[in-house]
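Step one of this worksheet: look at the structure below.
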Ligand SMILES: Cc1cc2nc3c(=O)[nH]c(=O)nc-3n(C[C@H](O)[C@H](O)[C@H](O)COP(=O)(O)OP(=O)(O)OC[C@H]3O[C@@H](n4cnc5c(N)ncnc54)[C@H](O)[C@@H]3O)c2cc1C
């Protein structure tokens, strides 16, 4: 149960009271993102159990507080001005493997599930090896690689709607598409999810994971901050790789401030150490416009840009 904030009442004190303490003020967001970029959040709360995660979400909605649910922070760009509201960091990391099903809380790390299911000789999660982030973030954006995505293994999920109702929903509910789930249009909170896998041979699963990780090592930044692909690949009228379009447009290595087009994969922007969100946005705009001008292709963002 949450209190409703009244006009003139101290917002921070009421957040603290409802969340049992633990709400911090003016927390720099950069360390909570894979980009290493982002100014301060007005309020920041680390939710280590689903009850507190749901309460923080409900509290923000009922009180019309600006809020953002943060998973691993690996697909987002926070602004240099930070975030003028409550950032709820999902740290609900528990999961259990039972038979051929793995059930995980929304903050469980995708790579922990890859390891755990491999150890139990379950096949299906290999594609996710090396994708940073959490179960919640992966469902939100239907994360995927090597021809598979979370939509191929998700069976059901427990979600908390903005109407305050908890629902158990099946895969079809999410209307998954390429890097898309309905949550992008109708935000709801994922609390947990179950994934159905198949019995496999442990050594074959391990080999597949190893080969995927090697491919990633060759094409992804190892030391610099990034947030993975900046743009989606083009699917229609024909399949076009955003990385190839950007490379052919001559953008490899282009630098604005501390942000640079990654030389081994032009659809990635890296933070060379001192990049600001403004640098990244400017560089991404140039990349977008150059491809539009040269090939008439209007690239769509995969990176989520979060305004203050
Ligand atoms: C080096 C690198 C490689 C990558 N490779 C890939 C790749 O191969 N394939 C791919 O698809 N992506 C890739 N990514 C991008 C990123 O890892 C994925 O998009 C990932 O699924 C994001 O998860 P996250 O937990 O970090 O989400 P965040 O970045 O924290 O958040 C993303 C969105 O999910 C929402 N969200 C998070 N948790 C919840 C929840 N519990 N309920 C509701 N909404 C929630 C957030 O509000 C936000 O809108 C890569 C990124 C990096 C840095």
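Could you identify the single residue in 263, 236, 294, 219 that is closer than 18 Å to residue 146 by Cβ and surrounded by fewer than 17 Cβ atoms within 10 Å (Cβ to Cβ)?
219
Pull up the stretch 15-35, narrow it to residues that are part of a helix (DSSP H, G or I) and in contact with a helix residue (DSSP H, G or I) (Cβ under 8 Å, 6 or more places away or on another chain), then point me to the one that is surrounded by the most Cβ atoms within 10 Å (Cβ to Cβ).
Step by step, filter the stretch 15-35, then rank; the result is 15.
Can you pull out the residues in the stretch 58-82 that are outside any loop (DSSP other than H, G, I, E, B), away from the ligand (no atom under 11 Å from the Cβ) and within 19 Å of residue 14 (Cα to Cα)?
Selection gives 58, 59, 60, 61, 62.
Assuming residue 156 fulfils every condition listed in (1) in contact with a strand residue (DSSP E or B) (Cβ under 6 Å, 6 or more places away or on another chain); (2) touching a residue at least 40 places away in the same chain (Cβ under 8 Å); (3) not in a loop (DSSP other than H, G, I, E, B) apart from one, which condition is it?
(2)
Could you tell me which residue of the stretch 183-214 is farthest from the ligand (Cβ to nearest atom), considering only residues that are out of contact with any strand residue (DSSP E or B) (no Cβ under 9 Å at 6 or more places or on another chain) and without any contact (Cβ under 8 Å) to a residue 40 or more places away in the chain?
Here the answer is 203.
Taking the condition within 16 Å of the chain's Cα centre (by Cα), farther than 23 Å from residue 187 by Cβ, part of a loop (DSSP other than H, G, I, E, B) and at pLDDT 95 or above, does residue 107 pass?
It is false that residue 107 is within 16 Å of the chain's Cα centre (by Cα), farther than 23 Å from residue 187 by Cβ, part of a loop (DSSP other than H, G, I, E, B) and at pLDDT 95 or above.
For residues in the stretch 293-308 being more than 15 Å from the ligand (Cβ to nearest atom) and in contact with a helix residue (DSSP H, G or I) (Cβ under 9 Å, 6 or more places away or on another chain), which is nearest to residue 276 (Cα to Cα)?
Among those that are more than 15 Å from the ligand (Cβ to nearest atom) and in contact with a helix residue (DSSP H, G or I) (Cβ under 9 Å, 6 or more places away or on another chain), it is 299.
The conditions are (1) surrounded by 21 or more Cβ atoms within 10 Å (Cβ to Cβ); (2) assigned by TED's automatic domain parsing to the domain that holds residue 175; (3) assigned to a loop (DSSP other than H, G, I, E, B), and residue 186 fails exactly one of them. Which is it?
The number of the failed condition is (1).
Tell me, which strands (runs of 3 or more DSSP E) lie completely within the stretch 209-308 with 3 or more residues that are under 30 Å from residue 44 (Cα atoms)?
Result: 269-271, 304-306.
Look at the stretch 268-282 and say how many of its residues are crowded, with 22+ Cβ neighbours inside 10 Å and more than 11 Å from residue 253 (Cα to Cα).
Count: 4.
Please go through the stretch 159-182 and pick out each residue that is more than 14 Å from the ligand (Cβ to nearest atom), in a loop (DSSP other than H, G, I, E, B) and without any contact (Cβ under 8 Å) to a residue 60 or more places away in the chain.
163, 165, 175 - these are the residues of the stretch 159-182 that are more than 14 Å from the ligand (Cβ to nearest atom), in a loop (DSSP other than H, G, I, E, B) and without any contact (Cβ under 8 Å) to a residue 60 or more places away in the chain.
Taking the stretch 70-101, which residues are more than 20 Å from the chain's Cα centre (by Cα) and within 23 Å of residue 169 (Cα to Cα)?
Scanning the stretch 70-101 gives 96, 97, 98, 99, 100, 101.
Name, by its number, the condition in (1) exposed (fewer than 15 other Cβ atoms within 10 Å of the Cβ); (2) closer than 30 Å to residue 66 by Cβ; (3) touching a helix residue (DSSP H, G or I) at 6+ places or on another chain (Cβ under 9 Å) that does not hold for residue 202.
(2)
Without any contact (Cβ under 8 Å) to a residue 60 or more places away in the chain and either under 27 Å from residue 232 (Cβ atoms) or away from the ligand (no atom under 13 Å from the Cβ) (or both), is that true of residue 55?
Spelling it out, residue 55 is indeed without any contact (Cβ under 8 Å) to a residue 60 or more places away in the chain and either under 27 Å from residue 232 (Cβ atoms) or away from the ligand (no atom under 13 Å from the Cβ) (or both).
The values are calculated or read from the model by the stated rules, or taken from the named source; none is laboratory data. For clarity, every value in this text was computed on a predicted model and none was experimentally measured. All Cβ positions, glycine included, derive from the backbone under ideal geometry; neighbour counts span all protein chains shown.
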